[in-house]
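What follows is a short report on a single structure.
The values are calculated or read from the model by the stated rules, or taken from the named source; none is laboratory data. Treat the numbers as computed from the prediction; the structure is a model and nothing was measured. With ideal geometry, Cβ positions are generated from the backbone for all residues, glycine too; neighbour counts draw on all protein chains shown.
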Amino acid sequence: MEHAQNAQTALRLKASLHPFTLLELNSLDLAVIEADLSQRLKQAPELLKNAPIVVALPQQPVSLDWAQNLMQCLRSLGFIPVGLRIEQAHNALAEHLNLPIFSETTRKKPTQTPVSTSPKVVQTVRSGQQVVNSDGDVIVLGNVGQGAEVLASGSIHIHGNLYGRALAGINGNEQACISCQSFQSELIAISGQYLVSDDLPQEYWQKVCYISLNDERLNIKSI
């Protein structure tokens, strides 16, 4: 479903083949982009609040400073940038921003069962930090703090409390899962299907939980 839009605006917000919101930019003017996004938020706050978003950058070259300022703008408005859709020539930009790439091929033919060969093991992920593994699982030995993000193409295993955001299967792996010792998350997502804190079942709050994807719906179980 495509949101109502004006041909003269600086951007389009669309539902993509991933359930993440896709942001297509028609302008490089950050002030105009911020103004347009602010207006969209006023029109549909329930839909866009804390929305994971994939940014489709324009084909023309952009600087790292510009891209960093765009990410800062999105986060300040409450969006959660989870990836980029860019031309292959600009892959280095994604590496600098520490975001995975959502290619057209990936979106049309998501990998259902990629092999997770490179797990990333980290300690506590503090507020404001982001951990990304686009080539496997992430194992967190401590807590994931409020405002922190963990993203993995595979599964996410947290041997502590999950206060922040956990996004597994970011490249389309529907077999990915999320586990944690205390479930208090701001957002969980698997292969693009996500729930924000306001929608999370309270009966699982502060419990040991295992989250998987079944028939395009998140399934939460207490262990």
Next item on the list: For the stretch 51-95, name all the residues that are of a type in the set (Val, Ile, Thr) and closer than 18 Å to residue 166 by Cα.
Entry: 53, 54, 80, 82
Check: Which of the residues that make up the stretch 169-188 are over 18 Å from residue 145 (Cβ atoms) and either part of a strand (DSSP E or B) or in contact with a strand residue (DSSP E or B) (Cβ under 6 Å, 6 or more places away or on another chain) (or both)?
Finding: 169, 170, 174, 176, 177
Checklist line | The listed residue being at pLDDT below 65, in a strand (DSSP E or B) and closer than 25 Å to residue 186 by Cβ, out of 13, 22, 84, 47 | finding: 13
Check: Would you say residue 137 is charged (D, E, K, R), farther than 25 Å from residue 78 by Cα and touching a Gly at 6+ places or on another chain (Cβ under 8 Å)?
Finding: yes
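Residue-wise test of (1) out of contact with any strand residue (DSSP E or B) (no Cβ under 9 Å at 6 or more places or on another chain); (2) more than 30 Å from residue 206 (Cα to Cα); (3) modelled with pLDDT under 70.
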{"position": "103", "(1), (2), (3)": "no, yes, yes"}
{"position": "109", "(1), (2), (3)": "yes, yes, yes"}
{"position": "112", "(1), (2), (3)": "yes, yes, yes"}
{"position": "116", "(1), (2), (3)": "no, no, yes"}
{"position": "119", "(1), (2), (3)": "no, no, no"}
{"position": "124", "(1), (2), (3)": "no, no, no"}
{"position": "127", "(1), (2), (3)": "yes, no, no"}
{"position": "132", "(1), (2), (3)": "no, no, no"}
{"position": "137", "(1), (2), (3)": "no, no, no"}
Margin query: Just to be sure I understand the filter: pairs with C-beta atoms under 7 Å, separated by 6 or more residues or on different chains, first member in the stretch 152-168 and farther than 17 Å from residue 53 by Cβ and at pLDDT 95 or above, second member among the polar types (S, T, N, Q) and part of a strand (DSSP E or B). Which pairs pass?
Written below: 157/179; 158/179; 158/181; 159/181; 160/181; 161/181; 161/182; 162/182
Note to self: So, residue 218, is that one touching a Ser or Thr at 6+ places or on another chain (Cβ under 8 Å), part of a strand (DSSP E or B) and under 28 Å from residue 85 (Cα atoms) or not?
What the structure shows: yes
Check: Pick from the stretch 189-215 the residues that are within 22 Å of residue 159 (Cβ to Cβ) and part of a loop (DSSP other than H, G, I, E, B): which of them is nearest to the chain's Cα centre (by Cα)?
Finding: 200
